[in-house]
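The structure appears right after this line, and notes come after that.
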């Protein structure tokens, strides 16, 4: 509506596209303007995204530098609102939700030493010493509360001569072996069993044991040594230090030494 002479104030009706009718006839009101859709173009200044990442507390460099295992177990931030928009704006693929790995959330611990002896090493076959005497087909039984060996060396597997053929044994050497509560039960004549006992028995010098079976506890772990078994990984082939086995039970086929000392004395019954 305007004055006829064009001098008075002019009222211009807004475009109909921007107005809507009211309940009162003849009155119009401006329609609410639609919200501007976020621009999806990639022409925004790259510094904008750096600022946006900083505001969101995200570090793209840290995410790319993290190891795969760390990223796999790290909880993913929820991609909602601004974070989701940012992922779309920078052209990154929106990660699909993934289930955490089975061990995520569980601290990774350094495996402690196993209590089983596991797979070991096979010792070589070696020849018997020249002039080796024949041994009994039935081994003697040596027991004690503990045996301490210094300079232990596992030599190999030997076939010792017997009256009926050979006996396969494990040979190991020591500089010294001390057995507490020593007891040796050996087969005697007429089917008797001979018992040799001492509170402590020491053999030293050039000591060699030939055994068909050796059982003892090393640091609480039961160890079994035999010519038909590999040497456990927990036992060194050679050792310059002392090694103590608790509750030894040894099937002894033959033993040699330079010196044998029994305390207080060796008894036989």
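Just so you know, all these numbers are worked out from the coordinates, no wet-lab data involved. These figures come from a predicted structure and were not determined experimentally. Here Cβ is always computed from backbone atoms with ideal geometry, including for glycine, and neighbour counts include all displayed protein chains.
Key figures
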quantity	calculated
Region 114-225, relative contact order in percent, only Cα pairs under 8 angstrom and at least six apart counted	24
Computed over region 193-269: relative contact order in percent, which uses C-alpha pairs under 8 Å that are six or more apart	56
Paramagnetic label zone (point 7 Å from Cα along Cα-to-C-beta, residue 199; backbone N under 18 Å) in region 133-154	144-148
Residue exposure sequence - 229, 125 - by fewest surrounding Cβ within 10 Å	125, 229
Length released on extending from residue 127 to residue 265, taking residue separation times 0.36 nm less the Cα-Cα span	46.2 nm
